[in-house]
Structure formats: structure tokens, C-alpha cells
1. If you take every residue apart from residue B:190 with its C-beta less than 12 Å away from the C-beta of residue B:190, what net charge results, scoring Lys and Arg +1 and Asp and Glu -1?
2. Could you state the angle between the C-alpha long axis of helix B:149-161 and the longest principal axis of the C-alpha atoms of chain B, as a value from 0 to 90 degrees rounded to the nearest 10?
3. Rg and Dmax of chain A, Cα atoms, in Å?
4. Please compute the net charge surrounding residue A:289, taking Lys and Arg as +1 and Asp and Glu as -1 over other residues with Cβ under 12 Å from its Cβ.
5. Could you state the number of Å between the C-alpha centres of segment A:74-122 and segment A:179-246?
6. Under 22 Å Cα-Cα from residue B:12, which lysines qualify once same-chain neighbours fewer than 8 residues away are excluded?
7. Which residues does a label at residue B:62 reach in segment B:4-48, if reach means a backbone N under 20 Å from a point 7 Å past the Cα toward the Cβ?
8. Which net charge results for the neighbourhood of residue B:218, defined as the other residues with beta-carbon distances under 12 angstrom from its beta-carbon, given Lys and Arg at +1 and Asp and Glu at -1?
Amino acid sequence: MIPTSTEEARAVEPSPQATRNRDSLLSAYRTEIAIAVAMVILGLAVGSQVPQALSWGNFSNITQAGAPLIIMSLGVLLVVITGGIDLSVGSVFSLTGMVTAQVMASGFGGITSSLAGLAVGLLFGSINGFLVTVAGLAPFVVTLITFAVAGSLAFIVTNGRSMPIPDPDYWLLNAGSIVPGMPNYILFCVVLLVAIEIFLKKVVAGRWFYAVGSSAAAAYLLGIPVKRTKFFAYVASSLLSSFSGLLTISYILNAESTAGASLMLQAIAAVVIGGASLLGGTGTAVGAVLGALMITVIQNGVNLIGINSFWQGSVTGLAILIAVLIDRFGKARRSAG
Amino acid sequence: MVETRNPVVSVKGLTKSYGATSVLKGVDFSVARGEIHALLGGNGAGKSTMIRIITGSASKGDGDISFFDPSGAPRTDAEGRARVAVVHQELALLPHLSVAENITLPHYRRGFAAVKKRLSIEKAFEALAMIDPEFAARSLHRLVEDLSLHEGQMVEIARALSSGAELILLDEPTANLTAAETSRLFSVLRRLTRETGLSVVFVSHRMKEIRQIADVCTIIRDGRTIVDRLALSELSDVAIIEKMGQVAASHSASSAAVDRNGMKGEPLSIREADLEITLSPGTILGVAGAPAGPATLISALVGAAQAKRWTVSRAGWPERFASPRRAAAAGAGFVTGDRTHKGILHSLPIIDNVLASRRVVRGATFISGRERLECVDLLQALSVKAASIWDLPATLSGGTQQKLLLARWLGLPSSLLVLEEPTRGVDIRTKKEIYQLIRQMASTGTIIVWWSTENAELLEVCDRIVAFDTEGCASGIIERQDMSEDRLAELTGMAT
């Protein structure tokens, strides 16, 4: 072992500057605070046109509509941090709903059916993880394949018909609230957000996600389990989109083969708005959640103001552009100063 | 042969092949506890491969590797490897993580454990402060992507020092360090070996450093052990070079022999405050000192960044190049010091790597068939042995890749060539060949500006040297007739 008190080390005590540089909460979440502020401004702008936008009922609409996207975005984030991409999340979302509804229709209870749905996530996550790590294929290609396959299976399960949920007391959402006064979907979002943020910041394996995304070659040389980390990321991503699919059918009470079709791009957009780089190595759970909320607020605003909903995509695109430009501009200034 | 008492690791008859090429053909190598061991050999001799096999990041062919604990009892490979730390030649850094985390994250073995942040920061600071206390105090929380190459090198070394390893393998650790940092590193290593029984394996092509730091040496050549554990005091420099198979063909032409009369071209003048250097065609200007100062001069010369400090003037040139592309078109060439990240185009074959600058300079729209012959000629002129010009650069050794970068400018009618550490990681024979090439280019009237952290080579080849102190300020110009190692060390603030 290296002795702790050495001549060299004693010569210079940690300077106050080193302590000052220690990231305060404010600077650590710079991007996230910026998104939150932008979102509040956007909300107020919509509210000035349509006062009901700022009503309690609308907040509840936004959170309910946004919950599935938030959960999916957290999964996509994990993959993006490792430098990968998961295009299959929307298809897994749809397939989970169809399988769960089909199993339920065959007479099984809510829990069994939900587990069957989550098994879809586990299966596709493992396939993605296996093909990326063991077969060494590019994440884009691998998840494009599973996107296509899971998407088509979602039609095959019921031959394209939508499935009603026969169990009205479906446990996830409608059977009261686990924490009194808080809808379950909010509880799930909060618990997952806190758990994933703590995992990414405070747990060694979480730091490995960043290490792998930062430089997989360096991480490998340093003895960090690159393949295991990537595999885990794809499984987590698929499982979270599966869970998100369950949550959705539990309050819509209907499973559609195309339910998740638009969600994949929205989840990737949410992660990017939240400050993650698609090149890997950066991103936070708080950012991804705020990004997903931002997209939901935009959609909600477009609806309320009464703009043709065909414009939603363009507005979301603009939001991504602004977010990325702010991020880039901020970085350039930081490295210059 | 010096007997290995109390070995940490012992390698016997190790072989390794990549496809049809066999890199190691039976290597013996052992390291004793508490010794500093120089591992010597030319580029491609198999040193890095052996290091990778010892650490487990490459698999072995035949042969044995055994690890031992301090009492001499054998250890399992996993136990042994857990006590080995490496400083890789191509830096293994995580750009998006902080300096502190880069140093300490790899030390955690288990994934589901809490990150002990305060402890990590203390450990990182302690290790980094051993090499550069000032840098440690300033940079612990910076992201590694914002560091320069040589700062990255210090992070790598600090990581090895803080790992608690019993054996540290340093694969050319000083290639990116200044003389002051190198001497601090050496004193740390010496103290640790003495006080804690740490063993160090040191790979370097710098003969002077090897003599300064190492006790014993092993020489590898073409995948075989030529000298197995011999005290360095028993070998002369000439003998070592000979054993490595590094005897250079001829390198008699000293720069003084270059005849500058009749060289055509405009002189170049470089100015900063009260310092002015005028370079006539064919001059080789050495730039010495810590990277901060030379970097400003180099970026001013090649238009790589907005460096306002320097004024460069030459008839027919603009005051400042807007981009490296403009500089290249005007005949100002540049060979980067960051070969891996900014030099070699890794996914393109050798031919595209060699011809990259020519295509820019000539501004050709279509790729002509003549290029192939030109590439073959250039490779021949540089004695690069490649199976095919369509192979990827990764099939060549680091030193050979360096030659590809030089080949980009060889034979082009450039009026200025700026070189950053062109001999980094290059073996002795290749170094001599590169010196020869630099002289050759100068003899055609090209002005050479050459930054190196190895003062000895600047003294050997340059006509003048401009020195920078550790603060990054130009501290003086030395003319050929006044050159001495002491004078240069004094001006660069690295007198030891």
C-alpha cells in the first residue's frame, strides 16, 4: 500500500480552491434547472392564453398523460448514458399491453397477467443486450430489429384487434392509492426517479454506466465490466417500457397494438432535452424526467390553445433544437472561461 | 543475469499470435519485489502485448504466468492481477468523468457498493499531489475531456499510484511529461519501491531516463527475450541498442552540414512582445518546455485556434490563418502530437492516411490512379513495411503510424512544417530515421518548428531552440553554438 503521509502530500494541503470547485447542487443540475425554468415559462405563456391551463385539473392531466413517457425515458436514458440507443421501447410497450390483455382475457388474474407482460420486457431486453454485447452488433441495428419484431408481434397477438381490459379493479392504477392522496402513477414516477438518480450518482455500478459511455475501450482496460453494464442497461430499458405499457392499459382499460408507436421518438427526445448526449457518458434521471414533462407540457399546450395537433411534432422539434443549442452554448462558454 | 529473489510475477515461455502473425515467440520475464525494472525493445518487439497478457486484458497463447505474494507463495492469476496496475501507452481515460473519479472509480471491484465520494477525492488528491501538487489542487474536479494530453498522462499515473498495487507497469509514462514532472515521478517511484516494496516495470525509449531510474533490464526483440534480467550497469548504451536490434543505418549528417545558401523562399518571423525570431528557409527551430507555452506558438503558426499572443509574418501570408486548411493550402504543414485522437484516421486504409494532406494541399476533386504509386514510393522512402496500402493503420506499430503522419508532408513543397513531439513512443532506430527525415525536409528549404519534451533530441538536431518556462512564457533563444543541456534545463525551469 501507498503510505498516506508522504513528504510530497504534506507539502501541499488541499487548497480552498479544490474545495470550492466541489460541485454544489446548483451547478451539478445546471441543465435541469434551465429546463425546469423553461417549462414554467412555457406553462405561464400557455396559461396567459388559456387560463384553465394553470388549473389543478390540468396539472393532473399532464402528470397522468406524461407518466408513461417519463418511465420510458428513464429506461432509454440508461442505455443512452452507456453510449447506446434503444429504438425498441415503443414496440415493447405495445406488445406488453397486448400480451397482458390477452393473458387476462384468458382468465388469469391481474398479477399473473402483469408478470406475463413484464416477461416481454425481460425477453426483449435480454435479446437486445445479448446481441449488443455478445454478438457485438451496433445498438442502432439491434434495436431496429427488435423494434420491428416486437411491433409486428403486437399485432399478431390479437390479430390486430384492440383488447379491452376485463378486470376493472386492475391493481396498478385503479385500486386506490398506495400512498394516500397520491395517485399511483405519480408515486411510480417519483420512486423510479429517485432510485435511478441515486443509482447513477452514488452506486459504483451506476458510475460504470457513465464510464462505459465515456469510453468503452478505456473502461475495458480499467477492468470495468463493460459488457455486463451494457446488458443491464438494455434489460432495464425494456423492463421500464414494459412497466410503462402496463401502467397505460391500467388506466385506459384498453390495449392497442399501436399504443407505443409514437413514444419511442418522444422518449429519445426527452432524454436529449434533458441534457444527455447521444454519444454517451452524460445525462441525469432528473433531466430525462424534466425532458419528458416538457414534451407533455408542449403537447398539452398545443391542444389547449387549439392549434392543429399536426403542429405538435414541429413544436417538439423546436424544443429539442433550443435545448441542444442552449446546452452547447453553455458548454462552449464554460470551457472558454 | 540478476537472480529474481522474491518475485512478484514470473513469465516463462510466453507466446501469442494474432492470426498468422506471431508477436511473442517465447518470452521470459520476471520482476522482483521492490525493484525498478526496465523493459526494453524496439517498436513491435512485443512489450505492450506482454504487458496486456500479464494484466489479463489479452489472452495468452502458450507459456506460464505466475504471481507470488510477499512470502513467496503462489497466488491465483485473479489475485495476482488485482495487485497489478498499468499506465497504458494509449491513455485509458474516461473523458466525461472528473479527474478524481478517473483516478478512483477503477479501484472499486464490486458494482453494488456505494461510491465513497469524500474518501475518493482524498485518495485522488494524495496520489496526484505526489507528481504535481499544484495541478492536483487545481484540477481534481475538472472533467478529463478538458485536460491536455500531458495532464491526462498525470491522471493515469496517479491512478496507478493510488491503486495500492504491488506491481506497477508503466508503458512509456514519460512520453507526455515534462522534465520536471518526470523527475518528480522518478523520485516518487524510488521512494515507494524503497519504503513499501513496490515493484515497477518501466518501458521507455529514452536511454537517459532508463539509466536514471532502473536497476535491471530485460530486452525483448522480435517476440523473444534477448537479455533476461541484467543489471543496467553491466550494459553500455551501445550494447543495449545493439541487443535491441536498433542500430541505425547512418545518421552522420548533422544539421550544420545543411547548406542554406541558395535556398529559395521567404523568411518567417515570429514575434511576441519583445521577442522576435526570424527564420530563414531551411532552419530547424526547436521549441522546448512545458506544453502550455509551445501550444500557443504552435496554434498561431497553424491556425488551429485563436492565439492572439503571437504575430507571425511572412511575405505572401496573411497575418493569421483562419483554419488549418488555409494554412495547409499556403504551405504550412502540421503534424499533431496527439497521434491517436487527432492524427491517424483509424477507419481509413494506410493510403488515405498517407495522402490526406496532399489531397488538401492540391485541392484535387477526383482521386487519381497515380496516388497509389505515390503512396508506395512514400512508404518506401520511409522504410515502412506494410503488407498492403489498403490495410488499416491499426496493423502497424505506434512508431510506424508516426511515420505515416510525417509522410503526409514529405516531398510536398511546404515552406513551414510544425511538428509536435514527432518521436513520441517511437523506438531508437525510428527516432534516428525521423531526425534524418526532418533534416531532409529542411534541406529542401522548409522551415521546421519542432516542439519536443525530450531536450536531448532538440540539442542534437536543431539550429536554434526557443525555450519556454513552466509558466508558459518564452524565456530565451539558444543558438547552435551555445547549446548545452544545462542551459536548456535552466531556461525551461527544469534544472534539477
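FYI, it's all coordinate maths here, none of it is from the lab. As the structure is a prediction and not an experimental result, all values here were calculated from the model. We place every Cβ from the backbone using ideal geometry, glycine too, and count neighbours over all the protein chains shown.
1. On the way: positive: B:184, B:191, B:194; negative: B:35, B:195, B:215.
Around residue B:190, the charge tally is 0.
2. So the inclination is approximately 10 degrees.
3. 21.6, 76
4. Details: positive: none; negative: A:32, A:197.
For residues surrounding residue A:289, the net value is -2.
5. 16 Å
6. B:25, B:47, B:60, B:243
7. Within reach of a label on residue B:62: B:10-30, B:46-47.
8. Working: positive: B:47, B:221, B:224, B:229, B:243; negative: B:28, B:35, B:215, B:228.
Computed value for this residue: +1.
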